[in-house]
Amino acid sequence: MNKGPLAKHGAPHLQVENFGPLKHADLTFGDLTVLVGPQATGKSILLQLVKLLVDLPHIKKEFQRAGVDWVGDFSKFLAVYFGEGMHSVWSAESRVKFNGRTENLPQWVEEKCAHRTESMFFIPAQRVLALRDGWPAAFNYYDASTPFTLREFSEHLRLLMSDFRSDETLFPVPRRLKPEFRDLLQTHIFPGFELKIDTQRAQKRLVLASTQKDGGSLPVAVWSAGQREFVPLLLGLYYLMVASKAPRRKGVEWAVIEELEMGLHPRAITVVMLMIFELLARGYRVCLSTHSPQVLDAVWTLQRLKEHGANAKDLLRVFDANPTAPLLSLAAKVMQKTSKLYDFDRASGATRDISALDTAAEEEGMSGWGGLTEFSGRAASAVARAVANSKPGVRR
Amino acid sequence: MTAEQAVNATPHLQGKWERGLQALRAEDRPHIRAADTRALTGSVDVDTAWMRIEPNANRWDFAIGYQHEDRTVECLYWVELHTASDNQVDVVLRKVRWLLRWLKGEGMAMDGFERDIVWVSSGRTDYTLNGPQRRSFADHGLRQTGGILRISRKRG
């Protein structure tokens, strides 16, 4: 099971029964997999479970280094891995089957396993907490109530910071991201600012420094909500988009990003989606969870353009990106990729494959894209009915 | 006046009102789901009836009558079954304009009924339901329902 998911199994396949809020989940992962559904329907738990399945040796090693010991009690392991209060996600009725193999998780967690490098990089929804004091905290800084994925993400950012000198600019910088992305991010997320390391008070911290002469520096507490949410995401993307000739960070095959849209204006979401495409073009298997119809619009566009034989330029036009040679190459690669979409239904506790994104489908979850277009659908229907009947003398 | 009487008072539609969904082509009927099929008062194929009169126009397809529990008079569902792709948007909008003009003229007997003007996809829908098209349709009084028009017992 701990072999790389891309190497041996083709498209990874996960089946889960009775795990937390999930009664029945059945997912085949594409190059891009997008999970949608209301809050607390199990999207994050499922992604964390995949992380556990592909990275258990690494996870155990990290816990061991941090002095975390669940003393053979699986429910304690669950609480420390998924976070406090999650000890009961596993029950006697729980079943997990990954790539055709049924796993007895309680037993498997206790088995000795050879160390493997981490193969999934996880950018959690709570990523803003990793920078709450302006500088990423170490794994051990967090107590055992914090989910592993957040602790690990924070630790990665902390180590990433060692790539940068004091007073160095983190954004925009040459060799970090394509110049096209830098320009778009500067326009849509950091207008008039640079992301820098500040050491004025001896303690390093991240600030947004004004690019204007005599302009000041803004600490994290003063950033906009979108900037606070985006900076840890940007640093996570730095981690994945290595500044070397290798397309991927060594050993890392999966990239998970939860709720990439948090705090961002739709134009900024467009830029982030382009950067997700870059991850795909680099060969990462990308998993997203989202509440943004715009993210599904982007996937729908990608699918339909592909099906109808459109080209890379057509795709870039949608993202309002200049068709430069690097972006055309990126778009051409992305148009070869597969995508899968799943809706998490609260009532049934089941996942539903909505990959076709068929807006004419009979099933509401399919045509309403897992509830993300329900409101706009109702709004349009109400207005259409009002317009169609806005004439005197209508008999009721 | 009932919908049937209004149809019989409309040029070229006399005697064309049919029971239930009988005016629709057999392959189109599965696209219409009425909560109470007994409340379907009838249907008429406007497109075929007016083909001879305005052969080159973008004519509207059908009208379906339904008696909702919370209404005293039938409602008319003006239904166009059409491929739903971007390159068909202008065609369908031309059909809406034709329908609204026709209702002010020859079809005026049917203009007084409460109505929905509905584009039902005859195949897969190839434009995003979250996009500006949907709002543009709404501004024309047009509702896009995807592949199925569901008619509920109460209109609300």
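Only the coordinates and a few stated rules stand behind these numbers; no lab work does. Everything numeric in this text was worked out from a predicted model, so none of it was measured. Cβ atoms come from the backbone with ideal geometry, glycine included; neighbour counts cover every protein chain shown.
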| query | Among A:LEU177, A:LEU32, A:LEU159, which one shows the biggest mean-square fluctuation in a GNM of chain A, springs joining Cα atoms closer than 10 Å? | reply | A:LEU159
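Summing -39500 (n - 2.57) over the DSSP H runs of n ≥ 4 in chain A and dividing by its residue number, what mean residue ellipticity at 222 nm do you reach, to the nearest 500 deg cm²/dmol? Present the calculation step by step, with values, prior to reporting the outcome.
Numbers: 13 runs with 149 residues, N = 396.
Dividing the helical sum by the residues of chain A leaves -11500 deg cm²/dmol.
Need one number: % antiparallel among DSSP beta bridges in the protein assembly as shown, to the nearest 5. Present the calculation step by step, with values, prior to reporting the outcome.
Working: 39 of 75 bridges.
The answer is about 50 percent antiparallel.
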| query | So which residue, out of A:ALA137, A:ALA221, A:ALA255, gets the largest mean-square fluctuation from a GNM of chain A using Cα contacts under 10 Å as springs? | reply | A:ALA221
| query | For A:292-304, what's the mean count of beta carbons from other chains sitting within 10 Å of each residue's beta carbon? | reply | 2
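What net charge is computed for the residues neighbouring A:LEU185, neighbours being all others with C-beta under 12 Å from the C-beta of A:LEU185, Lys and Arg scored +1, Asp and Glu -1?
On the way: positive: A:ARG176, A:LYS178, A:ARG182, A:ARG267; negative: A:GLU180, A:ASP183, A:GLU194.
With Lys, Arg at +1 and Asp, Glu at -1, the neighbours total +1.
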| message | If I model a spin label at B:ASN56 and A:THR169 as a point 7 Å from the Cα along the Cα→Cβ vector, what separation in nanometres do I get? | response | 6.3 nm
| note | Rg from C-alpha atoms of the protein assembly as shown, normalised by the globular rule of thumb 2.2 N^0.38 Å, equals 1.17
| remark: In nanometres, the difference between 0.36 nm per residue of separation and the alpha-carbon distance of A:ASP314 and A:LYS61 is 86.5 nm
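Filter A:LYS43/A:LYS97; A:LYS306/A:LYS333; A:LYS23/A:LYS43; A:LYS60/A:LYS204 down to the pairs with a C-alpha to C-alpha distance above 19 Å, please. Each step should come with its number before you reach the end.
Values: A:LYS43/A:LYS97 17 Å; A:LYS306/A:LYS333 11 Å; A:LYS23/A:LYS43 12 Å; A:LYS60/A:LYS204 30 Å.
Among A:LYS43/A:LYS97; A:LYS306/A:LYS333; A:LYS23/A:LYS43; A:LYS60/A:LYS204, the Cα-Cα distance tops 19 Å for A:LYS60/A:LYS204.
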| query | What number, in percent, do you get for the relative contact order of region B:3-151 if the mean sequence gap of Cα pairs under 8 Å and at least 6 apart is divided by its residue count? | reply | 24 percent
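How high is the relative contact order of chain A, in percent, with contacts defined as C-alpha pairs under 8 Å that are six or more residues apart? It would help to have the intermediate numbers written out before the result.
Values: 632 pairs, mean separation 81.8, N = 396.
Over chain A, the number comes to 21 percent.
I need the shape label for region A:192-297. Rule: rounded when a/c is under 1.5, else prolate if a/b > b/c, else oblate, with a, b, c from the alpha carbon gyration tensor. Show your work: numbers first, answer last.
Values: a/c = 2.36, a/b = 1.48, b/c = 1.59.
It is oblate, given that a/c is not under 1.5 and a/b is not larger than b/c.
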| request: Quickly estimate the mean residue ellipticity at 222 nm for chain B, helices only: each DSSP H run with n ≥ 4 gives -39500 (n - 2.57), and the total goes over all residues, rounded to 500. | output: -6500 deg cm²/dmol
| field | Of A:ASN18, A:ASN99, A:ASN322, the one that fluctuates the most in a GNM where chain A has Cα springs shorter than 10 Å | value | A:ASN322
| q = 0.18, 0.30 Å⁻¹: log10 I(q)/I(0) that the Debye formula gives for region B:12-61, counting C-alpha atoms only | -0.62, -1.15
| request: Quickly rank A:72-78, A:179-185 as a protection proxy: mean count of other C-beta atoms within 10 Å, highest first. | output: A:179-185, A:72-78
| field | Built amide H within the under 5 Å cut-off of B:GLU114, gap 5+ | value | A:ARG395, B:LEU76
| Taking amide H positions as placed 1.01 Å from N in the peptide plane, with prolines and chain starts having none, which residues 5 or more places from A:TRP254, or on another chain, fall under 5 Å of its amide H? | A:MET120, A:PHE121, A:ARG285
| request: Check cross-link reach from B:LYS104 to the lysines: straight Cα distance under 17 Å, and skip same-chain residues fewer than eight apart. | output: A:LYS391, B:LYS95
